[in-house]
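What follows is a set of notes on a single structure, which appears directly below.
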Amino acid sequence: MTKEQIETILITGATKHDYEAKSGAVNVPIYASSTFDQEHFDAFGPYDYSRSGNPTRDALERTIAQLENGSRGFAFASGIGAISAALLTLNAGDHIVVTNEVYGGTYRFVTTLLPKYGITHTFADFTDLEAIEAAIQPNTVVLYAETPANPLLGITDLEGVVKIAKKHQLKTFVDNTFMTPLYQKPLDLGADVVLHSATKFLGGHSEVIAGLAVTKDEELGQAIYAIQNGMGGILGPHDCFSVIQGIKSLHARLEMSSHNAQKIAEFLQQHEDVVDVYYPGLPTHPGYDIHQRQSTSGGAVLSFKLPTRDFTKVFVESMQIPIFAVSLGGVESILSYPVTMSHAAIPQEEREKRGITDGLLRLSVGLEHVDDLIADISQALEKAKVTV
Ligand SMILES: *Cc1c(COP(=O)(O)O)cnc(C)c1O
């Protein structure tokens with residue numbers, strides 16, 4: 001049979017058959033079992049204890065590995081759990097080069113926790129390949145990228161990064177949360193580890209906190225497994241089930257949300273009170289050509305800058321449809337204020353240097369009717385204009 005399209009794999013993946021019990025159940029059972037009865041005194045079955053392995057978790061891990069064209073997948077209790085596990089495969093004395101525009105929690109992990117274990121870092125502008133190469137030190141082992149990044153949707157040339165990494169014998173880690181394997185497959189471009197906050201689009205319903213890591217290389221896979229089992233940050237079977245269910249509708253959800261995001265970005269771009277719009281689906285977006293080359297959609301997240309903090313406050317308080325919250329990737333539109341939410345962990349001076357200013361808002365577009373969303377944005381902009 002020819003290789004199936006990703007839309008098919010999202011549904012069938014490792015989850016099509018109730019392969020253990022052969023009951024015919026269309027959904028993977030939730031194996032709520034911490035331990036497994038061993039039939040023989042001296043030969044154990046495939047599972048012994050659920051920290052080390054669980055059939056529901058296995059189904060999710062095999063599915064994400066398949067979707068990313070990797071060989072091993074790992075499910076963690078959060079995206080940060082996956083990211084920290086991948087980085088804890090490093091040794092004391094190692095150094096990493098990390099994108100400037102990194103998720104706030106990753107920033108916190110890299111700057112406050114990794115140094116305790118003797119792992120140091122340098123931040124670099126990952127929209128600039130020369131800047132990345134210039135940050136490499138003799139003890140550098142990993143280049144850590146996120147594209148599109150958060151919250152200004154900066155684009156990193158993944159093939160370019162991989163080329164630099166290979167030249168210096170480094171590994172490339174990519175946080176693929178914003179694109180998901182539906183739109184971008186970093187392993188195919190030569191990356192070594194792909195990371196996800198499955199809390200976002202993969203889960204898709206704002207009901208679960210989860211993280212995933214995928215590798216192609218067996219040795220690296222073993223190293224991550226050793227951290228997963230040895231440090232214990234596993235995803236429980238109920239939450240694995242939620243993510244499995246979320247993945248099945250990823251294509252339908254993300255296509256609709258991305259389509260809506262494109263329309264909203266275009267609306268915002270022509271609006272006179274909007275200072276700037278950041279969306280990789282706009283030809284004016286820096287890195288648009290690179291993004292077009294390595295991804296198949298602009299995705300469902302955009303950011304925009306309003307004139308002032310006061311204007312932004314009235315705008316947010318006037319919006320009716322989106323929830324005002326941290327997080328993204330849900331079926332509901334989520335409006336967030338990076339300064340006090342996702343990027344609060346980054347000191348103010350550092351934040352402003354990175355363009356995360358008082359008028360910046362991020363919108364994760366959900367599945368509401370796009371005309372309603374645009375009408376809502378339109379009336380909130382109007383209200384902010386007459387009030388401020
Ligand atoms: C949310 C997020 C994370 C962290 O994931 P959690 O599930 O919240 O731990 C990491 N990277 C990106 C890009 C995210 O949006």
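Between GLN379 and THR120, the modelled label-to-label distance comes to 5.6 nm, taking each label 7 Å out from Cα in the direction of the beta carbon. Relative to the longest principal axis of the Cα atoms of the chain, the long axis of helix 237-248 lies at roughly 60 degrees. Once the Cα atoms of helix 370-387 and of the chain are each reduced to a long axis, what angle between those two axes, in degrees from 0 to 90 to the nearest 10, is obtained? So the helix axis and the longest Cα principal axis differ by about 50 degrees.
The length gained on full extension between ASP217 and ASP128, counted as 0.36 nm times the residue separation minus their Cα-Cα distance, comes to 29.3 nm. Listed values for the stretch 36-46 are Karplus-derived 3J(HN,Hα) couplings in whole Hz (6.51 cos²θ - 1.76 cosθ + 1.60, θ = phi - 60°), namely 9, 5, 9, 6, 10, 5, 10, 9, 8, x, x, and x replaces Gly and Pro. For the stretch 327-388, GluC sites (Glu not before Pro) are listed when DSSP marks them as loop and at most 14 other Cβ atoms sit within 10 Å of their Cβ; the list is empty. Residue-wise HN-Hα couplings along the stretch 85-96, as the Karplus relation 6.51 cos²θ - 1.76 cosθ + 1.60 with θ = phi - 60° gives them from phi, are 4, 4, 6, 7, 6, 6, 10, 3, x, 7, 9, 10 Hz; Gly and Pro carry x.
For GLU255 paired with LEU367, estimate the spin-label separation in nm (one decimal), with each label point 7 Å from Cα along the Cα-to-Cβ line. Computed distance between label sites GLU255 and LEU367 equals 1.4 nm. Cross-link pairs exceeding 25 Å in C-alpha to C-alpha distance, out of LYS163/LYS185; LYS22/LYS216; LYS22/LYS185; LYS22/LYS248, comprise LYS22/LYS216; LYS22/LYS185.
Relative to the current alpha-carbon distance between THR387 and VAL275, full extension at 0.36 nm per residue lengthens the span by 38.6 nm. In degrees, nearest 10, range 0 to 90: what is the angle between the Cα axis of helix 250-269 and the longest Cα principal axis of the chain? That helix lies at roughly 20 degrees to the long axis. The calculated 222 nm mean residue ellipticity attributable to helices in the chain amounts to -10500 deg cm²/dmol, summing -39500 (n - 2.57) over DSSP H runs of n ≥ 4 and dividing by all residues.
Largest GNM mean-square fluctuation among ASN100, ASN150, ASN139, using the chain with Cα springs under 10 Å: ASN139.
Size of the dipole of the chain about the Cα centre, Lys and Arg at +1 and Asp and Glu at -1 on the beta carbon, nothing else charged, in debye to 20?
I would put it at about 260 debye.
Here LYS116 is the anchor, and the aspartates and glutamates within straight C-alpha reach of less than 16 Å, apart from those fewer than 8 places off in the same chain, are ASP94. A full extension of the chain between GLU266 and ALA43 corresponds to an added length of 74.1 nm, given 0.36 nm per residue minus the alpha carbon distance. Centroid-to-centroid, using Cα positions, the stretch 1-63 and the stretch 350-388 are 43 Å apart. As a length-normalised measure over Cα pairs under 8 Å and 6 or more apart, the relative contact order of the chain settles at 17 percent.
Each reported figure results from applying straightforward, stated rules to the coordinates on display, with no laboratory input. Being a predicted model, the structure only gives us computed values, none of them experimental. Reconstructed Cβ throughout: ideal geometry from the backbone, glycine too, with neighbour counts over all protein chains shown.
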